[in-house]
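Here the structure is laid out as structure tokens; the discussion comes afterwards.
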Amino acid sequence: MTLARRAFVIGGFNTPFIGKNHPDFIWKGHADFGKRENPTLEELITTAVRGALAATGTSASAVEKAWIGNFVGELFVNQGHLGAAVVGADPGLRFKPVMRVEGACASGGLAFQSAIDAIQGGTDVTLVVGAEVQTTASARQGGDYLARAAHYRRQRSLDDFTFPALFALRIREYQKAHGLSDEDLGRVSVKAYSNANKNPLAHMKAVRMTLENASKASMLNPAFLSNAELAPYIKVSDCSQVSDGASALIVVSEEGLRKLGKSASDAIEVLSVATATGDLYEDGDPIRMEVTEAAAVKAYAGAGISASKVAIAEVHDCFTIAELLMYEALGFAKAGQASGLIREGRTEIEGDLPVNTGGGLVGFGHPVGATGVKQVFEIWRQMKGLCGDYQVPGAPEIGLCANMGGSDKTAVVSIFANR
Ligand code: CAA
């Protein structure tokens with residue numbers, strides 16, 4: 001939609017995303033096991049909220065409304081009702097309207113959409129939070145919890161790891177239709193890990209990935225599905241991480257900028273946000289992301305720009321194939337041609353269209369409710385030159401985020417301009 005009232009992101013805060021293979025993640029073999037514990041959902045939410053308020057110099061009392069994106073707190077940590085958990089981060093938030101928003105892995109994007117809608121309705125200062133803890137369960141148990149983002153009754157039996165199986169199917173069909181090579185998929189993974197290696201907040205900051213390892217299944221990189229038909233199509237290196245983390249943003253109107261003593265140069269402007277939703281009970285075309293495409297068409301129209309104007313993007317690479325399908329859904333490549341972008345290095349940090357510069361969901365990590373909020377924060381940080389070792393050259397003028405829930409069932413696409 002075209003925004004009737006201008007909206008700006010003035011900054012935020014991201015906790016580190018951690019989980020298995022992160023040096024600070026406390027697992028049974030860690031030297032600090034028994035002495036130290038991983039941050040809880042409550043601690044992550046509090047850290048992100050306080051961090052965003054402090055980083056932007058916003059007092060909690062100035063916040064008029066807030067949202068938190070979270071998918072399944074009830075299953076991973078026995079905790080729902082997270083609007084009230086946001087209030088627990090700062091007494092200044094007491095008695096404000098704070099709501100949890102859920103759209104599977106697009107929960108964070110929907111929280112951001114909610115803030116923009118509220119600004120259109122006259123709200124001036126908003127807080128947007130996203131958080132998830134997933135490492136309380138094994139990856140296999142987590143596979144069952146995450147399967148609630150699919151049509152559980154029909155799709156759960158595909159594999160214990162339902163989502164990796166759903167995307168293995170997309171890989172198989174895309175390979176049949178367009179001849180995608182294992183090396184091209186491997187290149188998506190190598191880019192994600194190599195960007196994450198430059199990002200101190202990334203889950204996979206300490207894990208190296210070579211093209212040789214990423215391109216074939218091995219003991220180091222198992223094809224882990226039990227579904228024999230789909231198992232050959234996906235490996236651990238193609239998957240996003242099971243991560244814990246939180247992210248928060250302060251999003252304001254023009255009047256909000258004035259109230260907080262900020263100028264447009266502190267901010268990035270939100271040119272448009274569009275959400276599209278597909279039918280949970282239908283599978284759709286496995287080689288396209290039709291819902292993301294529908295959201296993108298609306299977002300480009302709202303912003304009055306075409307895909308060729310995008311200078312930097314954060315896209316939902318829950319699996320390596322998803323990044324390639326997103327290139328096509330967002331108009332960065334024609335159908336069947338996404339792998340050309342990755343092969344030519346165009347979406348690397350030094351390329352002409354850098355994508356997922358902090359590592360994306362495969363490298364930075366994927367605490368599902370936090371992801372859509374983190375994506376927006378990443379665009380703000382890149383546009384303000386704050387990304388350190390993974391900073392893109394120059395200050396990108398137009399940025400895009402695409403956050404997706406389920407197997408392309410809820411999509412939120414937002415477009416930003418650097419001011
Ligand atoms: N050969 C065969 N199988 C092997 C193996 C080998 N050499 N090594 C391991 N495995 C199997 C094992 O069976 C193991 O399971 P069990 O231990 O329960 O038997 C399984 O692979 C996983 O191994 P690990 O537990 O050691 O692997 P891990 O902890 O490193 O996890 C992963 C790897 C399974 C890929 C995990 O990272 C994962 O599940 N990632 C995807 C997370 C996900 O799906 N997120 C949601 C994305 S979808 C989205 O974004 C949209 C939405 O709305 C949900």
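Points to keep in mind about this one:
- In nm, spacing of pseudo-spin labels at Asp352 and Ala84 (7 Å Cα→C-beta vector): 5.4 nm
- Between amide H atoms placed 1.01 Å from N, distances below 5 Å from Ala246 occur with Thr15, all of them 5 or more places distant or on a separate chain.
- In sequence order, calculated HN-Hα J values of the stretch 351-366 (Karplus, 6.51, -1.76, 1.60; Hz; x Gly/Pro): x, 7, 9, x, 10, 6, 5, x, x, x, 6, 6, x, 6, x, 9
- Within a Gaussian network of the chain (alpha carbon springs, distance under 10 Å), most fluctuating of Arg94, Arg381, Arg154: Arg154
- Subtracting the Cα-Cα distance of Phe33 and Thr136 from their residue separation scaled by 0.36 nm leaves 35.6 nm.
- Integer Hz, Karplus 6.51/-1.76/1.60 couplings in order for the stretch 281-293, x for Gly and Pro: 8, 10, 7, x, 7, x, 9, 9, 10, 5, 6, 4, 4
- Counted residue by residue at 0.36 nm each, then reduced by the alpha carbon distance between them, the extension gain from Arg154 to Gln337 reaches 62.7 nm.
- Taking every protein chain into account, the accessible area of the stretch 68-134 amounts to 32 square angstrom per residue (probe 1.4 Å).
- Per residue, in Å², the accessible surface of the stretch 309-394 once ligands and nucleic acids are set aside, probe 1.4 Å: 25 Å²
- Selected from Lys28, Lys198, Lys374 as most flexible by GNM, with the chain as the system and alpha-carbon contacts under 10 Å: Lys28
- Electrostatic bookkeeping for Ala301 treats Lys and Arg as +1 and Asp and Glu as -1; over the other residues with beta carbon under 14 Å from its beta carbon, the sum is +1.
- Nonlocal amide H pairs with Phe25, under 5 Å, H built at 1.01 Å: Gly19
- Linear extension gain, Arg419 paired with Ala307, 0.36 nm per residue minus alpha-carbon span: 38.4 nm
- Annotation for Arg50 and Lys384: the two label points, set 7 Å from Cα along the Cα-Cβ direction, are 2.0 nm apart.
- Sorted on the mean count of surrounding Cβ atoms within 10 Å across their residues, most packed first, peptides 397-410, 135-148 read 397-410, 135-148.
- Calculated from backbone phi, Karplus (6.51, -1.76, 1.60) coupling profile of the stretch 263-274 in Hz, x at Gly/Pro: 10, 4, 6, 7, 10, 10, 8, 8, 7, 6, 9, 9
- Secondary structure note: in the chain, about 70% of the DSSP beta bridges are antiparallel.
- Here the chain exposes an accessible surface that is 52 percent carbon and sulfur, computed with a 1.4 Å probe and the other protein chains kept in place.
- The H on the amide N of Ile268, modeled in the peptide plane, is under 5 Å from the matching H of Val9, each at least 5 residues off or on a different chain.
- Sorted on the mean count of surrounding Cβ atoms within 10 Å across their residues, most packed first, peptides 210-218, 69-77 read 69-77, 210-218.
- The residues of the stretch 171-268 present an accessible area of 42 Å² per residue when probed at 1.4 Å with all protein chains retained.
The values are calculated or read from the model by the stated rules, or taken from the named source; none is laboratory data. Keep in mind that this is a model prediction, so the values were computed, not measured. No Cβ is skipped: glycine too gets one built from the backbone with ideal geometry, and neighbour counts run over all protein chains shown. When the accessible area is computed, the model is the full protein with side chains, heavy atoms only, and any ligands, DNA or RNA have been set aside. Shrake-Rupley method; radii C 1.70, N 1.55, O 1.52, S 1.80 Å.
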